[in-house]
Amino acid sequence: MDSSLPLRPVGPPRPADQASVRRSNLALVLRHLRDAGPRSRAGIAAETGLNKATVSSLVAELVERGLAREGELERAGAVGRPGTIVELDGRGVGGVGVEVNVDYLTALALDLTGTVLFEQRVALDVQALPPAKVLDATAELAARALRECRRLKVSPVGLTLAIPALVDVTAGTVAFAPNLHWTDVPVVTGLTERLTHRLGRLGFPIRMANDANLGALGEHAMGSVAGTADLVYLTGEIGVGGGVISGGRLLGGAEGFSGEIGHIQLDPNGRRCGCGRRGCWETIVGLAGMLRLAAEPNDPVHDPSLDLEQRLDMLRRRAELKDRRTLDALAKVGTGLGVGAAVLVNVFNPRVVLLGGYFAQLGPYLLGPMMAELKARVVAPDIGGCRVELSWLGFSAASRGGAHVALEAVFDDPTRIVAGAGERDSG
């Protein structure tokens, strides 16, 4: 006997093994309905490799749990008697994503089909407030999203908080957020306590992750380049963050601290960064650096009490009117963006570099100088087959990614949803 092979148990599988296989197959069918779209039972069986009887039983259970529903008869052209189409449902199940950024908060709720149930962004000068005050405001906004879910009779299965920081996921703390000036802040505990005070027992987990990583997941799941297996997502706000999808998987790093690409040092003698070092990439291309180049300090584009998109609209109008200072600032940022992005393209050889945050909003003015730098600096011919695109998700990518991550719990284990109740199994 080859001792390198795993030993298989003799006799029928134990009940616990049968339950595990059942959960795995339920998850397989549910994910297939999400990824491939509505299908007949026969189509699901053919495409997943499960037999037809098993698929019929699994679909019946997913329907009973409110996660799938039966639709119309299969269209003409199918071999044999037309079957009933099965499609993803889950309208009674929701996930919530909340983002804390330097000058705004965002909350977004999705149901299992990806339908937006709630979305709101509020301007907030986070840098000027202590963490406790920021968590108060975050809890208030998150509570609005959760109350709307309750009104719609949607049961949230999780809330994921996105934050521009090095995050200790296990402890639920912000280890270091240079642009927020936070160190060792117990964010998950603080947010949980505040939401419980406002809403009572929550009944679902709260998690936290780096905003750029969640943005990359949101784009990969539902953005303009959804499904791209090799993707670098760059988001520009006050800081610069990045998420890397390689082979269809997010690169999180050994300790989960990936995403802080804004702190690649490009100019050792440059401006001091919020992290304490000099010449980091975000000092050159971050929103603060761009605004510094584009306008005087008393200009309204610097006012954190105004919504960020409103401020960016002011800059876009000035660029359209050929304001020289604005155009020069955008050209310089585009050049800096290309310099840093070339490093990432040389390392990861992505199919797409996707620009999010303010980069997407002002993208038409950044792409020319950025592409010139990429062509000059990327070693592989034709930029290694990479193209640069602008995000369609705007400033919602991280919160969408957070809601998506919360909903993954159901796709991993559909038995979390109680049959006929539209609520999670608390056990």
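The values are calculated or read from the model by the stated rules, or taken from the named source; none is laboratory data. It should be emphasised that the depicted structure is a prediction, and the values quoted were computed from it without experimental measurement. Ideal geometry is used to build each Cβ from the backbone, glycine not excepted, and the neighbour counts take in all protein chains shown. With ligands, DNA and RNA removed, areas are computed over all heavy atoms of the protein, side chains included. Shrake-Rupley method; radii C 1.70, N 1.55, O 1.52, S 1.80 Å.
Taking the options LEU234, LEU159, LEU214, LEU180, name whichever one is surrounded by 19 or more Cβ atoms within 10 Å (Cβ to Cβ) and assigned to a loop (DSSP other than H, G, I, E, B).
Just one listed residue meets the conditions, LEU180.
Scan the range 144-156 for residues that are open to solvent by 10 Å² or more (accessible area, probe 1.4 Å) and either assigned to a helix (DSSP H, G or I) or in contact with a Phe, Trp or Tyr (Cβ under 7 Å, 6 or more places away or on another chain) (or both) and report the count.
6
Any chance the range 304-312 includes a residue that's more than 24 Å from LEU105 (Cβ to Cβ) and open to solvent by 10 Å² or more (accessible area, probe 1.4 Å)?
no
Condition test on GLU282, is it modelled with pLDDT of 90 or more and surrounded by 23 or more Cβ atoms within 10 Å (Cβ to Cβ)?
Considered against the rule, which asks whether it is modelled with pLDDT of 90 or more and surrounded by 23 or more Cβ atoms within 10 Å (Cβ to Cβ), GLU282 comes out as no.
Please find, among ALA221, ALA209, the residue that is touching a residue at least 12 places away in the same chain (Cβ under 8 Å), assigned to a helix (DSSP H, G or I) and under 19 Å from the mean Cα position of the chain (by Cα).
Matching residue, one of ALA221, ALA209: ALA221.
Kindly indicate whether LEU291 is out of contact with any Gly (no Cβ under 7 Å at 6 or more places or on another chain), at pLDDT 90 or above and farther than 15 Å from ALA360 by Cα.
Taking the combined requirement at face value, the residue satisfies it.
Count, please, the residues in the range 121-143 that happen to be closer than 11 Å to LEU195 by Cβ and either of a type in the set (A, V, I, L, M) or crowded, with 16+ Cβ neighbours inside 10 Å (or both).
6
Based on this model, can you work out whether GLY242 counts as open to solvent by less than 40 Å² (accessible area, probe 1.4 Å), within 27 Å of GLY384 (Cβ to Cβ) and not charged (D, E, K, R)?
yes
Can you pull out every residue in the range 336-353 that is open to solvent by less than 10 Å² (accessible area, probe 1.4 Å) and either touching a Gly at 6+ places or on another chain (Cβ under 7 Å) or without any contact (Cβ under 8 Å) to a residue 40 or more places away in the chain (or both)?
Those that are open to solvent by less than 10 Å² (accessible area, probe 1.4 Å) and either touching a Gly at 6+ places or on another chain (Cβ under 7 Å) or without any contact (Cβ under 8 Å) to a residue 40 or more places away in the chain (or both): GLY338, ALA342, VAL345.
Just one of GLY274, GLY259 is open to solvent by less than 30 Å² (accessible area, probe 1.4 Å) and in a loop (DSSP other than H, G, I, E, B); which is it?
Matching residue, one of GLY274, GLY259: GLY259.
Residues being surrounded by 12 or more Cβ atoms within 10 Å (Cβ to Cβ) and of a type in the set (D, E, K, R): count how many of those fall in the range 321-335.
Residues flagged as surrounded by 12 or more Cβ atoms within 10 Å (Cβ to Cβ) and of a type in the set (D, E, K, R) within the range 321-335 amount to 4.
Consider only pairs whose beta carbons are under 8 Å apart and that are at least six residues apart or on different chains; among these, list those whose first residue lies in the range 133-145 and is touching a residue at least 24 places away in the same chain (Cβ under 8 Å) and whose second residue is among the aromatic types (Phe, Trp, Tyr) and open to solvent by 10 Å² or more (accessible area, probe 1.4 Å).
ARG144/PHE118; ALA145/PHE118
Under 9 Å between Cβ atoms, at least 6 apart or on separate chains: pull out the pairs that start in the range 96-114 with a residue that is closer than 20 Å to ARG147 by Cβ and in contact (Cβ under 8 Å) with a residue 24 or more places away in the chain and end on any residue that is among the basic types (Lys, Arg) and not in a strand (DSSP E or B).
Listed by first residue and then by second, the contacts come to GLY97/ARG400; ALA107/ARG144; LEU108/ARG400; LEU110/ARG400; ASP111/ARG91; LEU112/ARG34; LEU112/ARG91.
Quick one: in the range 261-315, of everything that is farther than 24 Å from GLY242 by Cβ and among the charged types (D, E, K, R), which residue is nearest to the chain's Cα centre (by Cα)?
ASP307
Please indicate, with yes or no, whether at least one residue in the range 356-366 is more than 20 Å from ALA342 (Cα to Cα) and either buried (at least 20 other Cβ atoms within 10 Å of the Cβ) or of a type in the set (Asp, Glu) (or both).
yes
Given the conditions (1) surrounded by fewer than 17 Cβ atoms within 10 Å (Cβ to Cβ); (2) modelled with pLDDT of 90 or more; (3) not in a helix (DSSP H, G or I), report the number of the one that LEU105 does not fulfil.
(1)
Are any of the residues in the range 88-101 surrounded by fewer than 24 Cβ atoms within 10 Å (Cβ to Cβ), at pLDDT 95 or above, of a type in the set (A, V, I, L, M) and part of a strand (DSSP E or B)?
For the range 88-101, residues surrounded by fewer than 24 Cβ atoms within 10 Å (Cβ to Cβ), at pLDDT 95 or above, of a type in the set (A, V, I, L, M) and part of a strand (DSSP E or B): absent.
Return only the number of the condition from (1) outside any helix (DSSP H, G or I); (2) crowded, with 16+ Cβ neighbours inside 10 Å; (3) out of contact with any strand residue (DSSP E or B) (no Cβ under 6 Å at 6 or more places or on another chain) that PHE118 does not satisfy.
All conditions pass for PHE118, except number (3).
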